[in-house]
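Working notes for the structure below.
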Amino acid sequence: MTAAVDSRLAMLGGPRSVPRGRRIPAWPRVTPDDEAAVLRSLRSGAFTAAAAGEEEIPALEREWAQYVGTEHALAVSNGTAALSLALAAAGVRPGDEVVVPALSFVASGIAPLHIGAIPVFADIDPETFNADAARVAAALTPRTRAVVVVHLHGLPADMDEILALTRPLGIPVVEDAAQAHGATYRGARVGSLGLVNSFSLNVSKNLATCGEGGLVNTDDPDVHRRALALRQFGEVIESDKPRQYVSHTMGWNHKPSAPQCAFTRSQLSRFPDEAAARDANVRTFLARLRDLPGLLVPSAPDDRTHAWHILRFRLAPEAFGLPAGMAGPLRAAVVRALRAEGVPASTYQHLPLPAQPVFRRPPTTVGYPPDALRAVQGWSPDDTPATCRVIESSFVIQKAHLHPDAQPLLDLYAQAVRKVWEEPDVLVRYARDLPYRAPWEQTDEAPW
Ligand SMILES: *Cc1c(COP(=O)(O)O)cnc(C)c1O
C-alpha cells in the first residue's frame, strides 16, 4: 500500500520541498588554513600597515594585483570606501557629476556623495541588469567627471561600448566590481578595465574577509599614489622612508587590518577552485529551470563570464495570462510560494537608486555637497523605466549558492521551483487578490 503523495504547495498546507532545518552552508567558508593564516598574523604582533615588519597587507595587495592583472592594488577598510577613494583618485572633485547605474546597491550612489560629487543615475539594460551605454551617453553633461560601471550580480557590463563613449571625452570609468570578483570580460578580469576600480571584501561577497574590507586596483602610477595618500590622511607614503606626518589633502583613514588581509589571502589561494565549483553548480541549477514558462533565468553572453554573486530571475506575466502591469503582484505570489517551500527567494533592491530617500529628500545630515540632490530631484518612474520594470518583475536568490558544496541544496531549490510552476492558477489567483503598490509608492517615516 502506498500513501498518496501530497503535491499541494507548501503555501497551501502541503509539505515543504526543502525540509525545515536544512541549512544553507555557511559563507564565507572558514577552513583550518584560514584559521592558521589569522593566527600567523596575530602571532606576528603586527596588526596594521604601520607596524614594522607587517607582511600580510602588502602580500594581499601583490597577490590581488596579480590575480586581477593590474600594476597596483590597495587594500582598504570596506568596499564603499574603496569606491569613494577610487573616484577621488580618478580626479573627481566636489560639485562634479558622476554617472551611476540606477540599479545597484546603494553604496554605488552614496560613494560619490562622500566626496562631494553628485550622482546622476542612468537607466539599465533589462536583460543584463547593467548600465545601458545609450542611457549612460544621455546622462553625460559638461560636468561629468567619471562614470561608475557596476558589474551587477557578477555579470560584467558592456565595457567596450561604455569606454568608446567616455574615452574620446577624457572621462574616466571606475568599475564598482564589489559583486564580480574574478569575472572576465573579453578575456580580461573585471577590475582591470577602468582607470581605477573597487572591490568589496564584505562577508556577503564572493571573496571575503572575516568582517569588512575592500580593494582598489589600477595600472596608473599617479592614480595609485593619490589613492595611497587618500587612504591615510592625505600623507605621502614611501615605504623606504619614515612616516612624515604631513597631510597634503583631506584624506581618510581607510586602512585595512593585517589579520583580515591574512584571512583574505588564504581565501584567495583557493578562490579559483571555489569559483569554478560555483560556476558548475549554478549552471546545473539554472539548466534545470530554463524550460519553465515565464521564468527568465540569468545568463552570460559568450564574451564574458558571470561570477554568480546574486541570481536574479525575471518573470514574464504574459506567460501566466496576466497583463504586464501585474508583474509586481505576480512576483509577490512567486516569492511567497517559494519561501513557503523553503527557498530563500527575496526582492534584493526594492528601489531604483534615485528613488532612495537619501537622494530624494533635502539634505538633513552633515556632509552633503550643496546641490547634491540636483540631479535626482523630481525623479519619477518614467526616468528609469527599465530599472522599475526589472525591480517589479524579478526576484533573487543570494548567498545560498556561494559555497562550493551548495549543489544538493540547489537541487532541492530546483525541485521547489518546478513544483511551484506546476500550479500557475494558484499564483495567478494570489496575484489578483493581492493589494499592491509599487515599492517606490510606499512612503516611509524619515528617521531625521
Ligand atoms: C557591497 C557593495 C558595495 C559596498 O561594499 P561594502 O564593503 O559593503 O562597503 C558597493 N557596491 C556594490 C555593487 C556592492 O554590492
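On the given criteria, is A177 crowded, with 20+ Cβ neighbours inside 10 Å and of a type in the set (G, A, S)? Before the answer, list the steps.
Details: crowded, with 20+ Cβ neighbours inside 10 Å: yes; of a type in the set (G, A, S): yes.
It is true that A177 is crowded, with 20+ Cβ neighbours inside 10 Å and of a type in the set (G, A, S).
Looking only at residues in segment 198-207 that are in a strand (DSSP E or B) and among the hydroxyl-bearing types (S, T, Y), which one is nearest to the ligand (Cβ to nearest atom)?
That would be S200.
Do we have any residue at all in segment 71-94 that's within 20 Å of L215 (Cβ to Cβ), surrounded by fewer than 19 Cβ atoms within 10 Å (Cβ to Cβ) and touching a Phe, Trp or Tyr at 6+ places or on another chain (Cβ under 9 Å)?
Taking every residue of segment 71-94 in turn, none turns out to be within 20 Å of L215 (Cβ to Cβ), surrounded by fewer than 19 Cβ atoms within 10 Å (Cβ to Cβ) and touching a Phe, Trp or Tyr at 6+ places or on another chain (Cβ under 9 Å).
List every residue pair whose Cβ atoms sit under 8 Å apart, with the two residues 6 or more apart in sequence or on different chains, where the first one lies in segment 187-211 and is in contact (Cβ under 8 Å) with a residue 12 or more places away in the chain and over 23 Å from A88 (Cα atoms) and the second, anywhere, is more than 10 Å from the ligand (Cβ to nearest atom) and among the acidic types (D, E).
That search, which allows pairs on different chains as well, returns C210/D34.
Take the residues in segment 173-192 that are within 11 Å of V68 (Cα to Cα) and of a type in the set (V, I, T); name whichever of them is farthest from the ligand (Cβ to nearest atom).
Top of the filtered list is T184.
Taking segment 153-174 on its own, how many of its residues are charged (D, E, K, R) and crowded, with 19+ Cβ neighbours inside 10 Å?
Qualifying residue count for the region: 1.
Do we find that T80 is within 12 Å of the ligand (Cβ to nearest atom) and among the hydroxyl-bearing types (S, T, Y) in this structure?
So T80 passes the test.
Give the residue, chosen from L311, L322, L330, that is modelled with pLDDT of 95 or more, in a loop (DSSP other than H, G, I, E, B) and surrounded by 18 or more Cβ atoms within 10 Å (Cβ to Cβ). Please lay out each step first, then the result.
On the way: L311 fails: in a loop (DSSP other than H, G, I, E, B); L330 fails: in a loop (DSSP other than H, G, I, E, B).
Among L311, L322, L330, only L322 is modelled with pLDDT of 95 or more, in a loop (DSSP other than H, G, I, E, B) and surrounded by 18 or more Cβ atoms within 10 Å (Cβ to Cβ).
Looking at the structure I just gave you, is E56 of a type outside the set (V, I, T) and without any contact (Cβ under 8 Å) to a residue 24 or more places away in the chain?
Spelling it out, it is not the case that E56 is of a type outside the set (V, I, T) and without any contact (Cβ under 8 Å) to a residue 24 or more places away in the chain.
Every residue in segment 180-190 that is among the hydroxyl-bearing types (S, T, Y) and either on the phi > 0 side of the Ramachandran plot or surrounded by fewer than 22 Cβ atoms within 10 Å (Cβ to Cβ) (or both), please.
The first filter runs over segment 180-190 and keeps only residues among the hydroxyl-bearing types (S, T, Y), leaving 184-185.
Matches in segment 180-190: T184 only.
Okay, residues lined up against (1) within 16 Å of the ligand (Cβ to nearest atom); (2) modelled with pLDDT of 95 or more; (3) farther than 25 Å from P369 by Cα:
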position: S108; (1), (2), (3): yes, yes, no
position: L113; (1), (2), (3): yes, no, no
position: A117; (1), (2), (3): yes, no, no
position: F121; (1), (2), (3): yes, yes, no
position: P126; (1), (2), (3): no, yes, yes
position: A133; (1), (2), (3): no, yes, yes
position: L140; (1), (2), (3): no, yes, no
position: I171; (1), (2), (3): no, yes, no
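Answer with yes or no whether A324 is of a type outside the set (D, E), touching a His at 6+ places or on another chain (Cβ under 7 Å) and farther than 20 Å from S346 by Cα.
For A324, the condition - of a type outside the set (D, E), touching a His at 6+ places or on another chain (Cβ under 7 Å) and farther than 20 Å from S346 by Cα - is not met.
Hey, among P385, P404, which residue is surrounded by fewer than 21 Cβ atoms within 10 Å (Cβ to Cβ) and out of contact with any Lys or Arg (no Cβ under 7 Å at 6 or more places or on another chain)? Full working, then the answer.
Numbers: P404 fails: out of contact with any Lys or Arg (no Cβ under 7 Å at 6 or more places or on another chain).
Result: P385 is the single residue among P385, P404 that is surrounded by fewer than 21 Cβ atoms within 10 Å (Cβ to Cβ) and out of contact with any Lys or Arg (no Cβ under 7 Å at 6 or more places or on another chain).
Which number in (1) within 16 Å of the ligand (Cβ to nearest atom); (2) exposed (fewer than 14 other Cβ atoms within 10 Å of the Cβ) marks the one condition that D303 misses?
Here D303 meets the rest and fails (1).
Within segment 161-173, identify whether any single residue is of a type in the set (A, V, I, L, M) and either in a strand (DSSP E or B) or over 24 Å from G91 (Cα atoms) (or both), and answer yes or no.
Within segment 161-173, the first condition is being of a type in the set (A, V, I, L, M), and the residues that meet it are 162-165, 169, 171, 173.
Adding the requirement that they be either in a strand (DSSP E or B) or over 24 Å from G91 (Cα atoms) (or both) leaves 173.
Checked against the condition, which is being of a type in the set (A, V, I, L, M) and either in a strand (DSSP E or B) or over 24 Å from G91 (Cα atoms) (or both), segment 161-173 yields at least one hit.
Would you confirm, using the coordinates I've provided, whether R29 is in contact (Cβ under 8 Å) with a residue 60 or more places away in the chain, surrounded by fewer than 13 Cβ atoms within 10 Å (Cβ to Cβ) and within 32 Å of the chain's Cα centre (by Cα)?
no
Select from segment 208-235 the residues that are within 16 Å of the ligand (Cβ to nearest atom) and assigned to a loop (DSSP other than H, G, I, E, B) and write down the one among them that is surrounded by the fewest Cβ atoms within 10 Å (Cβ to Cβ).
Going through the qualifying residues, I end up with G211.
Checking L195 against (1) among the aliphatic types (A, V, I, L, M); (2) more than 10 Å from the ligand (Cβ to nearest atom); (3) closer than 18 Å to F129 by Cβ, which test does it fail?
Among (1) among the aliphatic types (A, V, I, L, M); (2) more than 10 Å from the ligand (Cβ to nearest atom); (3) closer than 18 Å to F129 by Cβ, the lone unmet condition for L195 is (3).
Here are some conditions: (1) within 21 Å of I310 (Cβ to Cβ); (2) away from the ligand (no atom under 11 Å from the Cβ). R167 meets all but one. Which one does it not meet?
(1)
Name the residue that is farthest from A86 (Cα to Cα), counting only residues in segment 110-136 that are of a type in the set (V, I, T) and in a helix (DSSP H, G or I).
V136
Quick one: in segment 142-152, which of the residues that are touching a residue at least 40 places away in the same chain (Cβ under 8 Å) and surrounded by fewer than 24 Cβ atoms within 10 Å (Cβ to Cβ) is farthest from the ligand (Cβ to nearest atom)?
To start, the set of residues in segment 142-152 that are touching a residue at least 40 places away in the same chain (Cβ under 8 Å) comprises 143-152.
Narrowing further to those that are surrounded by fewer than 24 Cβ atoms within 10 Å (Cβ to Cβ): 143-145.
Values: R143: 23, T144: 20, R145: 19 Å.
Looking at residues that are touching a residue at least 40 places away in the same chain (Cβ under 8 Å) and surrounded by fewer than 24 Cβ atoms within 10 Å (Cβ to Cβ), I get R143.
The values are calculated or read from the model by the stated rules, or taken from the named source; none is laboratory data. Remember, predicted model here, so these are calculated numbers, not experimental data. Note: ideal-geometry Cβ built from the backbone for every residue, glycine included; neighbour counts use all protein chains shown.
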